[in-house]
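Engineer: Just passing along the structure, written as structure tokens.
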Amino acid sequence: MAHFEKAKNLNEWLDQRLAVNTLKKVMQTEYWIPKNINFLWAMGMVLAATFGILLVSGIFLLMYYKPDTNLAFDSVNYTIMSEVGYGWLWRHVHGVGASLVFLIIYIHMFTGIYYGSYKKGRELIWLSGMGLFVAFSAEAFSGYMLPWGQMSYWAGMVITNLFSGGSLEAYGLVEWIRGDYVPADAFLTRFFMLHVLLIPVAIIGLIVLHFGTLRIPHVNNQDGEEFDFAEAAELYKAGKVKESKVIPFSPVFLSKDVLVMGVYFILFFYLVFYHFEFAMDPVNFDPADGLKTPAHIYPEWYFLWSYEILRPFSKDLGLIAFAIAQVIFFMLPFLDRSPNVAPASRRGLFKYWFWLMLLDMITLTFMGKLPPTDALFANIGLVAAILFFVLWIALPIITKLEKKL
Amino acid sequence: MAKSEQGRRDFMGMALGGFTALGGIGALYAMKRSWDPLPSVKAAGFTTVDLSGAQPNVLNVEKWRGKPIFVLKKSADMKKDPRDVVVGSDHYHVSIGLCTHLGCIPAYVPDDHKFKCACHGGEFDASGHEIFGPPPSPLEIPPFKIDGTKLVLGEAGPEYKKMLDAGLTA
């Protein structure tokens, strides 16, 4: 056994056994963040905080939720909403949180795209982040099944049907995923398992990986400037805080994060208390009925852009387009052929690419919400869907042509 | 490290790895099987419908594997079709009541002898052929077996197989 001195206080006692002082240095006080950043750099911690809130509210919902097709709807809409003390609060926090987490994910993603934070050594940050996006999407979808309302049921029906692969007609696979011919009890219980255990565990693992991938390349800055972090850190530690280009993650950067979080949580709780209905589709307050389709099926707002890419094409082409759209963002670090790490505004054609992509995805989102019967909107949707792919095809070309900064 | 020592370690590594891989494959198979539909679910995949009480031109909606099944006894003035299920002298239209466009459930309009889908305006005639709007194919006919005046859904009888071979079921 190793030799232990008698500790003078609790911190020293813990440090002897767990090296907490080293841990604190590595993870907080000597984890360096560039100074040249703005509020958009706080989105990571905003996401972490939102995930924490989803976890806590989810734990309380789990106490009364019943994953059974006969009981699920009432356990949510009656027991949790009107019997459980403050049950409504957990539900609205969970619903609003699930919606806002995607808003922040999209902001976080487009910040990364704008500043080129996925390039030269930062590829793994981008890839693990995209892994998180996929995991959160699966988490949102599986959670949407649980209240077992009409939208839950029919979303489950349509999304699992996608796995039939159009003309491949792989209905065996669809039935295997569902554990039944249609979404039923086996489907609900397995998606419950995915929602409360397997996917959250995967998310936590991916978050750890995502943080880990940041460590060596460090966080990007507003100019994509490359500098010596060790040197900057020495300056800071020597007391030349002003001259140094960096600040420690904790407490300095974190205190800035907390300010942004403060603003964010004002919005968050405003929605929770006054506009929770935006995350609660009225159609989902009808219990699931496999013999009655709602007149218009649409996903939550954060899936609308990819849903709109599925819609305007024929069945098979739509499925292929949808599948590509789901994974194409993974390819960004490899499709961007320019070595420049700089904000899009300084990158020539890429500036237009960025804003066109953002506008296109917003357009797709709006068109996805509208019923497909209006010819004008259907055509706008089609053009936007085609533009999405044109932009991705153009990306390697325009970035190859880009002048080196 | 001695050569024989190296060989011994390699062997142990491969033996351990091999058995672990074997166990892993076994576990994967067990996991796959756990996700399969349960025997009780599969057994419930058959539904028997008694046709003797059916009224002409009145749509009955049955449930089979969770899906709505249209059963429509044709009246004398309605067109006969090779897709009809013939029991004795009566003709029936039997199909899965999901629009072949995006899976909504069409409604039957008895006066027009038509199915109309509220979602995107698709229409089918009383034999399930698409006659208007976006549906790409006729209403699908489920596997059936005629058993006296009863219809067993989920089991492929000779009449169904004939239709299937003629490409009439979907």
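The values are calculated or read from the model by the stated rules, or taken from the named source; none is laboratory data. Predicted, not measured: the structure shown is a model, and the values here were computed from it. A quick note on method: Cβ atoms are made from the backbone with ideal geometry, for glycine too, and the neighbour counts reach across all protein chains shown.
Engineer: Filter the range B:128-156 down to residues that are assigned to a loop (DSSP other than H, G, I, E, B), modelled with pLDDT of 90 or more and away from chain A (no Cβ under 13 Å), then give me how many there are.
Structural biologist: Counting residues in the range B:128-156 that are assigned to a loop (DSSP other than H, G, I, E, B), modelled with pLDDT of 90 or more and away from chain A (no Cβ under 13 Å) gives 5.
Engineer: Please enumerate the residues belonging to the range A:335-364 that are part of a helix (DSSP H, G or I) and more than 21 Å from the chain's Cα centre (by Cα).
Structural biologist: A:L335, A:A344, A:S345, A:R346, A:L349, A:F350, A:K351, A:Y352, A:W353, A:L356
Engineer: While we're on this one: Take the residues in the range A:154-182 that are assigned to a helix (DSSP H, G or I) and aromatic (F, W, Y), then tell me which one is farthest from the other protein chains (Cβ to nearest Cβ).
Structural biologist: Across the range A:154-182, the extreme among qualifying residues is A:F163.
Engineer: Could you check how many residues of the range A:183-199 are part of a helix (DSSP H, G or I), in contact with a Gly (Cβ under 8 Å, 6 or more places away or on another chain) and in contact (Cβ under 8 Å) with a residue 60 or more places away in the chain?
Structural biologist: 1
Here's the yes/no breakdown for (1) farther than 25 Å from A:S99 by Cβ; (2) among the acidic types (D, E):
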{"residue": "A:T213", "(1), (2)": "yes, no"}
{"residue": "A:I216", "(1), (2)": "yes, no"}
{"residue": "A:E225", "(1), (2)": "yes, yes"}
{"residue": "A:A232", "(1), (2)": "yes, no"}
{"residue": "A:G239", "(1), (2)": "yes, no"}
{"residue": "A:V246", "(1), (2)": "yes, no"}
{"residue": "A:D281", "(1), (2)": "no, yes"}
{"residue": "A:Y298", "(1), (2)": "no, no"}
{"residue": "A:F303", "(1), (2)": "no, no"}
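Engineer: Is it the case, given these coordinates, that B:A15 is away from chain A (no Cβ under 11 Å), under 30 Å from B:E159 (Cβ atoms) and surrounded by fewer than 13 Cβ atoms within 10 Å (Cβ to Cβ)? Write out each step before concluding.
Structural biologist: Details: away from chain A (no Cβ under 11 Å): yes; under 30 Å from B:E159 (Cβ atoms): no; surrounded by fewer than 13 Cβ atoms within 10 Å (Cβ to Cβ): yes.
In short, no.
Engineer: Let me ask another. Checking the structure you have, find out if any residue of the range A:134-145 is of a type outside the set (S, T, Y), outside any helix (DSSP H, G or I) and within 22 Å of the chain's Cα centre (by Cα).
Structural biologist: If we filter the range A:134-145 for residues that are of a type outside the set (S, T, Y), which is where we start, we get A:134-136, A:138-141, A:143, A:145.
If we keep only those that are outside any helix (DSSP H, G or I) too, we end up with none.
No, because not a single residue in the range A:134-145 is of a type outside the set (S, T, Y), outside any helix (DSSP H, G or I) and within 22 Å of the chain's Cα centre (by Cα).
Engineer: Check off (1) away from chain B (no Cβ under 11 Å); (2) at pLDDT 90 or above for A:F187 and give me the number that stays unchecked.
Structural biologist: It is condition (1) that A:F187 fails.
Engineer: Quick one: how many residues across the range B:36-86 are exposed (fewer than 15 other Cβ atoms within 10 Å of the Cβ) and of a type in the set (A, V, I, L, M, F, W, C)?
Structural biologist: 7
Engineer: Would you mention how many residues in the range B:103-118 are farther than 12 Å from B:K67 by Cβ, surrounded by fewer than 20 Cβ atoms within 10 Å (Cβ to Cβ) and either within 10 Å of chain A (Cβ to nearest Cβ) or among the hydrophobic types (A, V, I, L, M, F, W, C) (or both)?
Structural biologist: Residues in the range B:103-118 being farther than 12 Å from B:K67 by Cβ, surrounded by fewer than 20 Cβ atoms within 10 Å (Cβ to Cβ) and either within 10 Å of chain A (Cβ to nearest Cβ) or among the hydrophobic types (A, V, I, L, M, F, W, C) (or both): 3 in total.
Engineer: Is one or more of the residues making up the range A:219-233 within 14 Å of chain B (Cβ to nearest Cβ) and out of contact with any strand residue (DSSP E or B) (no Cβ under 8 Å at 6 or more places or on another chain)? Spell out how you get there, then give the answer.
Structural biologist: Filtering the range A:219-233 down to residues within 14 Å of chain B (Cβ to nearest Cβ) leaves none.
Scanning the range A:219-233, I find no residue that is within 14 Å of chain B (Cβ to nearest Cβ) and out of contact with any strand residue (DSSP E or B) (no Cβ under 8 Å at 6 or more places or on another chain), so the answer is no.
Engineer: Among the residues of the range A:97-130, how many are farther than 30 Å from A:A184 by Cβ and more than 9 Å from the chain's Cα centre (by Cα)?
Structural biologist: Going through the range A:97-130 one residue at a time, the tally reaches 21.
Engineer: From A:S152, A:S128, A:S117, A:S82, grab the single residue that is surrounded by 18 or more Cβ atoms within 10 Å (Cβ to Cβ) and under 21 Å from A:P282 (Cα atoms).
Structural biologist: A:S152
Engineer: Condition first: more than 11 Å from every other protein chain (Cβ to nearest Cβ), outside any strand (DSSP E or B), modelled with pLDDT of 85 or more and closer than 27 Å to A:V158 by Cβ. Can you find one or more residues in the range B:45-63 that meet it?
Structural biologist: Yes, that holds for at least one residue.
Engineer: List the number of the failed condition for A:F313; all other conditions in (1) away from every other protein chain (no Cβ under 14 Å); (2) in a loop (DSSP other than H, G, I, E, B); (3) of a type in the set (F, W, Y) hold.
Structural biologist: (1)
Engineer: So for the range A:70-80 (the condition being at pLDDT 95 or above and under 30 Å from A:M130 (Cα atoms)), does at least one residue qualify?
Structural biologist: No: the range A:70-80 contains no residue that is at pLDDT 95 or above and under 30 Å from A:M130 (Cα atoms).
Engineer: Further question: Could you tell me which numbered condition B:T149 fails, if it satisfies all but one of (1) touching a Leu at 6+ places or on another chain (Cβ under 8 Å); (2) buried (at least 21 other Cβ atoms within 10 Å of the Cβ); (3) farther than 21 Å from A:P294 by Cβ?
Structural biologist: (2)
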